[in-house]
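Derivation of every value follows stated rules applied to the coordinates shown; laboratory data play no part. Because the structure is predicted, anything quoted here is derived from the model rather than measured. Here the Cβ is made from the backbone with ideal geometry for all residues, glycine too, and neighbour counts use every protein chain on show.
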Amino acid sequence: MPTPAPLIEMRGITKSFGAVKANEAVDLSVAPGEILGLLGENGAGKTTLMNVLFGAYAPDAGEILIQGQPARISSSADALAAGIGMVHQHFHLAARLTVLENLLIGIPGKSGRIDRAGGLARLAEISRQHGLTLDPSLPVSALSVGEQQRLEIVKALFRGARLLILDEPTAVLAPSEVDGLFSALRSMAAQGLGIIFISHKLNEVRALTHRCTVLRHGRVAGRVDDPANTTSAAMAELMCGHEIVPPARGPSTPGEAVLALDGISTSKHSGTTLRHISLVVRAGEILGIAGVSGNGQRALAEVISGVRAPDAGRMTIAGQNVSRFSPREVQALGLGRIPEDRMTTGLVTNLPLADSMVLPRIGTAAFSARGLLKPDAIRAFAEEQIKAYDIRCPGPMTRAGALSGGNLQKALLARELAFDPKVLIVSQPTRGLDIGAARFIHEKFLDMRAKGCGIIVIGEDLEELLVLCDRIAVMYEGHIAGTLDSADATVARLGLLMTGVEGRG
Amino acid sequence: MNAVFEQIFQVGFLAAIIRIATPLAFATLGEMFSERAGVLNLGIEGIMLLCAMTGFTATSLSGSLWLGVLVAVLTGMLMGALHALFTVALGLSQHVCGIGVTLFSSGLAYFLYRLIFGQQSVPPSIKGFQTLPIPVLSDIPVLGPAVFNQFALVYMAILAIPLAAFVLYRTPWGLSVRMVGENPRAADSAGVSVIATRFQAVILGGALMGLAGAFLSMAQFNAFTFGVVSGRGWVAIALVVFGRWDPWRSAGAALLFAFVDALQLRMQASGLGHIPYEAFLMLPFIFTIVAMAVMSRNAVAPSALLKPFRREER
């Protein structure tokens, strides 16, 4: 694509947080009609760079040019006025206000009143132009994650954005929603908008973007002028600084069943109802649970980890009936669990990392005696794991919430694996992680598998499940729509099961 | 029993409800604006007391009732600004600062009152607001004398309810207030100043608390005593929850509380004299607790209530 005058140009941007240089002399430009991929591992400085562009952080050095003119952007209001819109990873929406109200925030009204009619007309126009339809009267809390993201995009366009920044927009979407997002983004680019697409999913970047800038350790590590015809391996190497080899899964030698579910059902609690689920996980195999999010995966994980009691059916761990066991009891039998949401159910963000790492076993003899904690043992355990898993943090007493996603996930993994679980249940193990961290997690799973642990991986990323799992079960509306050996499974076949087209029950 | 009943439900009963509800309505609306913006103002009890004092003093010294009201409103705004300074600008704990504001305001009110009026055997009083019958409307049977033969401040409270609803739901500023109380980061990224909006809401809330205080010392009691507020501020905080942070519901909650309060006053005065009057005094508060327990289970507070907002946070 020809490159007209850049819509936005960042020159020599440097930004430090204390001793850490988050960005160092970064140059970046986007032309009208161009989709620029901004690639980099977690902590490479992508988000910081975009926050500088959006006025959230003031750069220590460097300048920003908008259509060739130097611009000072010191607040999000400046950025909006300059035509820059941002869709953050965590949406900036008020859940209890309506779609229309979220759009109209900060927009001056008409004769002292909110201009509802004008807002509706503008929304209809944007919807028509880019195929982004939304019901303006619904509260945001009633929207799906995909719809909320659509609202964020519409919000930026509503304010007349000419440059749209999307921070890892596909991390929260189901595969079918990703296609919709991409076609909307292509339509916007075709109409002359500039788009910065931040991601570390290389296949998406290759499919969507016209050009890429790759960051590593806060610096520009390289640029890719033709992403569609550049291999993922070459881009991954730019991001990581070294070659990335996908882990090889050897043939499985499954042993006895370590976890068995027989006719597990739940009724009308919050979330999806489970309907007659039967599963077996054997020692030394990885079972994948695929499915569009919201089809009962969370309920299943909760039943297996003892958080939710099933209304019918039987669950056994190593032959022992555990249907009515509490989380602590199933854990004592050797069940390890890595929950879906690291920040809320995984650990306590305001406590030191060390405390979070021993939390599930705080009452065991290893960490407490006679009703008192053993702080030295807790600290020593955390220090040991931090070293073993290369968890990047200032120390075991760091507030857990201050760690990056990849390091948190490593910490959670360390916490479970340190006790040699017989069964491990993991939800979304690599969501939001970069290639290096994901690779590390996968290797650990395969190690555990070789040691005879039975692993259940609940995920939405089919490519990941296909690489990792020996068998893949697909959940649809609370039951198992089908189970495939991964040798026979393809994305297409799994997709059919996931949408309920194929399958029994 | 029938006689007791008749004695309670006289025409004057309705008028009493309206009069008791007025300061509660002002205070509840004031607290509601503050909380919708994400700032709990536990200073309300003390702010009302201080405003009752300053308004009374200004009127007492100048002889002008409306000057007194103005002074009370300005006092409320000032104390609101003080609370906002601590909780919004400095991001300190809203609970601690609110209690601090209440203790400080109460102490200041007592101190200034003693300083200005000294210790008198008969407490000073003023000629407070007189009822202002609205022509034609006040001739409507039952409703007329109860609603349209009231103090000017009562009419202001009645008008304040739809006005508050209009401001909150129909104006860009009201939308900013609601957004800032739900998700300040969203408001910030839309170019709305979270700090300024919260300041404005808390100060507006303080002004309304000032009106509540002015009503007590200048229309209801026509004197300032240390017990002039006696928990009405705390009640308003409960009524905001009961009213689910909505102007109409909050005003309704104030009216309901006033009904129970008026009822217990009548019961005290009626033939039920063999029951200690303290038992009746408890009724509105028991009602509040029960109502809160029953009605507030589904109430959802503004998501960002109690949460200070800081911009550059990693």
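Overview of values
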read-out: Packing rank of A:361-370, A:277-286, where each peptide gets the mean count of other beta carbons within 10 Å, highest leading; value: A:277-286, A:361-370
read-out: B:Leu92 versus B:Ser193: modelled label distance in nm, points set 7 Å from Cα along the beta carbon direction; value: 2.2 nm
read-out: Nearest-0.05 FRET efficiency for A:Leu138 and A:Asp225, computed from C-beta distance (R0 45 Å); value: 0.60
read-out: Calculated Rg and Dmax of the protein assembly as shown using C-alpha coordinates, Å; value: 32.0, 98
read-out: Cβ-placed point charges (K, R +1; D, E -1), dipole of the protein assembly as shown about Cα centre in debye, nearest 20; value: 1180 debye
read-out: Per-residue Cβ neighbour rank within 10 angstrom, fewest leading, A:Glu204, A:Glu63, B:Glu45; value: A:Glu63, A:Glu204, B:Glu45
read-out: Between 0 and 90°, nearest 10: helix B:65-84 axis offset from chain B longest Cα axis; value: 40 degrees
read-out: Sequence of B:Thr59, A:Thr349 once ranked by neighbouring C-beta atoms within 10 Å, starting from the fewest; value: A:Thr349, B:Thr59
read-out: At most 16 other Cβ within 10 Å, DSSP loop - chymotrypsin sites (Phe, Trp or Tyr not before Pro), the stretch B:1-102; value: B:Phe9
read-out: Lys pairs under 24 Å by Cα in the stretch A:8-240, provided they are eight or more residues apart or on distinct chains; value: 5
read-out: Mean ellipticity per residue at 222 nm, deg cm²/dmol - from DSSP H runs of n ≥ 4 across chain B, formula -39500 (n - 2.57); value: -22500 deg cm²/dmol
read-out: Label-to-label distance, nm, for residues given as B:Gln120 and A:Ala207 (7 Å Cα→Cβ offset); value: 8.3 nm
read-out: Linear extension gain, A:Leu496 paired with A:Val467, 0.36 nm per residue minus alpha-carbon span; value: 8.5 nm
read-out: Sorted by Cβ density within 10 Å, fewest first, the residues B:Thr57, B:Thr87; value: B:Thr57, B:Thr87
read-out: Degrees separating the helix A:435-450 axis from the principal Cα axis of chain A, which is the longest one; value: 10 degrees
read-out: Pairwise FRET efficiency - B:Arg297 versus B:Leu61, Cβ, R0 = 56 Å, nearest 0.05; value: 0.70
read-out: Sites B:Leu159 and A:Lys374 - FRET efficiency at Förster radius 60 Å, r taken between beta-carbons, to 0.05; value: 0.35
read-out: Those residues of the stretch A:372-389 whose amide nitrogen sits under 15 Å from the label point placed on A:Val348, 7 Å along Cα→Cβ; value: A:372-375, A:378-379
read-out: Debye, to nearest 20: dipole size of the stretch A:8-240, +1 on Lys, Arg Cβ, -1 on Asp, Glu Cβ; value: 460 debye
read-out: Rounded tilt (10° steps) of A:375-388 against the dominant C-alpha axis of chain A; value: 70 degrees
read-out: Inter-label distance, nm, simple model (7 Å from Cα along the C-beta direction), A:Ser74/A:Lys451; value: 5.5 nm
